[in-house]
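Worksheet: one structure, shown below.
The values are calculated or read from the model by the stated rules, or taken from the named source; none is laboratory data. Source: prediction; values computed, not measured. We place every Cβ from the backbone using ideal geometry, glycine too, and count neighbours over all the protein chains shown.
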Amino acid sequence: MKRNTGLACGCFVMALLSGCGGSDSGTSTEPVIETATDTAVETIIEASILGLDPRLDALIPTDAEVEKLAEGFVFIEGPVWLRGESRLLFSDVRGNTIYQWTETDGASPFIDPVFDGDREGLRSISSNGLTLDEQGRLIICEHGNRRISRVETNGTRTVVVDRYEGQRLNSPNDAVYGSDGTLYFTDPPYGLDGLEASPLREVDFNGVYRLTADGELTLLVRDQSRPNGIVLSPDETILYVANSDADNKVWMAYDLDDSGASNGRVFFDINDQDAPGAADGMKVDRAGHLFRDGTRRGLGHLARWRASWDH
């Protein structure tokens, strides 16, 4: 089952998908959130859809309404839609909580706290990117624990990967599964206080990795300054990686085969855009359209486009 077809039930967007870290401090702040029983949905009047290519209109109508589903979060990331349950999960990175949202109950904590260990030397402690494995289990990129974990049916968490060649990972940020159960993920330093200068750092680069279903971990890319969002093309021959460096705001593409990733090239460059933030999350639909987040920071709320199209 492919994990890169995630625009099936409308398009959910985070208005604060700015997980590139930039100038944010490592302080974790308790979020204030609407109660789970408050299910009112508010249209965001100031939001609009700007299409720079007429082909976008077939996917997202220019008159589509943008609705605010919940608000009061601190720094939200990693939305994943559970289609069979009509439920959305997402991370509040600074709130140290994974939330769930449903049409009936609104937003409520799903895992709280994500991290309960020693915060010394850590800049970001919570979860970031989320995805699902082939069995539908939640996969969590954890900054504080510097690992990727899996939530079992009984609610416990199992470590999927936390080391490369015996050295602890930096702080896994985003992940995507291939149809054969292979996990691709990014590992920038955003969880570490001081980033590359952190004394806790063991791996001396910011990598992009591939973990096969039988547990073989391979380093695919090590020359990106801030690897972040990651997706596969529908045929899984191209790997897209967002570089969330404010000084080099690009999306890279790599050819994939059994030997690894090759032919790295700039797929999209926004260095000429004068806006805060940098490259971050992405999704690819079944037709191969790549949806990326913007560069401008927004308010800490959850929104969606209400559109009639489907994939």
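Here are the numbers for the structure shown:
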| quantity | calculated |
| --- | --- |
| Conditions (1) surrounded by fewer than 24 Cβ atoms within 10 Å (Cβ to Cβ); (2) of a type in the set (A, V, I, L, M); (3) within 15 Å of Ala175 (Cα to Cα): number failed by Ile140 | (1) |
| Strands (runs of 3 or more DSSP E) completely within segment 1-113 that count 1 or more residues being touching a Lys or Arg at 6+ places or on another chain (Cβ under 7 Å) and either farther than 23 Å from Leu290 by Cβ or at pLDDT 50 or above (or both) | 65-71, 97-102 |
| Looking only at segment 111-136, and only at residues there that are within 16 Å of the chain's Cα centre (by Cα) and of a type outside the set (Val, Ile, Thr), the one that is surrounded by the fewest Cβ atoms within 10 Å (Cβ to Cβ) | Asp133 |
| In segment 134-173, residue nearest to Ser225 (Cα to Cα) [restricted to those that are in contact (Cβ under 8 Å) with a residue 60 or more places away in the chain and assigned to a loop (DSSP other than H, G, I, E, B)] | Asn173 |
| Residues being over 18 Å from Ser244 (Cα atoms) and among the hydrophobic types (A, V, I, L, M, F, W, C) - total across segment 170-193 | 1 |
| Candidate set from segment 175-203 (those that are under 18 Å from the mean Cα position of the chain (by Cα) and not in a strand (DSSP E or B)); member that is farthest from Gly121 (Cα to Cα) | Gly178 |
| One residue from Asp204, Asp258, Asp223 being of a type in the set (D, E, K, R), farther than 23 Å from Phe115 by Cβ, at pLDDT 95 or above and exposed (fewer than 14 other Cβ atoms within 10 Å of the Cβ) | Asp204 |
| Residue under evaluation Lys249, criteria (1) closer than 16 Å to Arg163 by Cβ; (2) modelled with pLDDT under 95, criterion not met | (1) |
| Residues of segment 166-212 satisfying the condition of being among the acidic types (Asp, Glu) and touching a Lys or Arg at 6+ places or on another chain (Cβ under 7 Å) | Asp193, Glu202 |
| Count of segment 209-249 residues which are under 16 Å from the mean Cα position of the chain (by Cα) and under 26 Å from Gln273 (Cα atoms) | 14 |
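Listed here are the residues, each with its yes/no results for (1) of a type in the set (Asp, Glu); (2) surrounded by fewer than 24 Cβ atoms within 10 Å (Cβ to Cβ).
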| site | (1), (2) |
| --- | --- |
| Ala70 | no, no |
| Val80 | no, yes |
| Arg94 | no, no |
| Tyr99 | no, no |
| Glu103 | yes, yes |
| Pro109 | no, yes |
